[in-house]
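As structure tokens, the structure follows; a few thoughts come after it.
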Amino acid sequence: MFRNKIKTVFKLLKTNIIKTIYLNFKMLPFEQAIKLPIFIYGKIVFRSLEGKININALVYPGMIKIGWNDYYVETSVPRSIWTINGIVNFSGPINFLQGTYVLVSNNAILNFGTKKSFIGSNTRIICFEYISLGDTCEITWDCQKIDTSFHYIEDISNNVIKPLTKPITIGNNVWVGNRTTILKGSVLPDFTIIASNSLVNKDFSDMGENCLIVGIPAKVKHKNIRRVYDYNKQRELDKKFNYSRTYL
């Protein structure tokens, strides 16, 4: 217990303390804000905080980290930019690495799951209606999730104009490779793996769990495939295959 408190104090000392205090007390009820559940690191710009942040879980210091940098992939634009005009719901711990861009428009809802998730550096989440990420989602660097097409398109043969937005739903234990784009209407079942540089733009519910999707646009490449999330097993495999990881 004492050791955990020391770690918390050390991490707090590395924060952008002014922005950390400001965001917690601006967006959270006092009984949560006083525990500083959101830690801000490095540079961050709040373009708007007219919306609401809800933490629907047991609150503890630093459970939500924004701008954290303990990973070997960095961005040339380390500043994070957040615009919260809608509602952001946190249900568990999550790390946003440096350079994240999060925009939640008026009346939009952005949900995060109950178990620890990870949003990589230089990743954009643009939510104009509804985006939901499940438990233990890992979104790597240079990715984007956008539930709107921004501009109306008219089918001049029948004068039909489609809606701008459609929800995005990402299941539990989904792993998204770097430079992947996930567009409106996308649905990803549990244990989906998305290969790097893919474009996801449809509902994959019918494919079931444990699939690898690849390409532009993304298609099912393999079934009955799953990432190893057990870190003890991962370390054993590193030894077996003589693989050396870099940790910061």
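The values are calculated or read from the model by the stated rules, or taken from the named source; none is laboratory data. Nothing here was measured: the structure is a model prediction, and the numbers come from that model. Glycine also receives a Cβ, built like all others from the backbone with ideal geometry; neighbour counts cover every protein chain displayed. We work out accessible area using only protein heavy atoms, side chains counted, and drop any ligands, DNA or RNA first. Shrake-Rupley method; radii C 1.70, N 1.55, O 1.52, S 1.80 Å.
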> Say we look at segment 194-227 and pick out the residues that are open to solvent by less than 20 Å² (accessible area, probe 1.4 Å) and in contact with a Gly (Cβ under 8 Å, 6 or more places away or on another chain); which of these is nearest to Cys143 (Cα to Cα)?
Replying inline: Ser198
>> Can you report the number of residues in segment 179-193 which are under 17 Å from Asn122 (Cβ atoms) and open to solvent by less than 20 Å² (accessible area, probe 1.4 Å)?
In response: 2
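For every residue, the table says whether it meets (1) of a type in the set (Ser, Thr, Tyr); (2) assigned to a strand (DSSP E or B); (3) at pLDDT 95 or above; (4) open to solvent by less than 50 Å² (accessible area, probe 1.4 Å).
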| site | (1), (2), (3), (4) |
| --- | --- |
| Arg3 | no, no, no, no |
| Val9 | no, no, no, no |
| Lys19 | no, no, yes, no |
| Asn24 | no, no, yes, yes |
| Asp70 | no, no, no, no |
>> Can you find, within segment 38-55, the residue that is farthest from Asn106 (Cα to Cα) among those that are more than 17 Å from the chain's Cα centre (by Cα) and part of a loop (DSSP other than H, G, I, E, B)?
In response: Gly42
> Do any residues in segment 235-248 that are surrounded by 10 or more Cβ atoms within 10 Å (Cβ to Cβ) have Cβ atoms under 6 Å from those of residues that are modelled with pLDDT under 90, where the two are at least six apart or on different chains, and which pairs are they?
Replying inline: none
> Counting only residues that are more than 12 Å from the chain's Cα centre (by Cα) and at pLDDT 95 or above, which one in segment 108-126 is nearest to Ile64 (Cα to Cα)?
Replying inline: Ile109
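Do we find that Thr140 is under 11 Å from the mean Cα position of the chain (by Cα), open to solvent by less than 10 Å² (accessible area, probe 1.4 Å) and not aliphatic (A, V, I, L, M) in this structure? Break it down stepwise before answering.
Working: under 11 Å from the mean Cα position of the chain (by Cα): yes; open to solvent by less than 10 Å² (accessible area, probe 1.4 Å): no; not aliphatic (A, V, I, L, M): yes.
So Thr140 fails the test.
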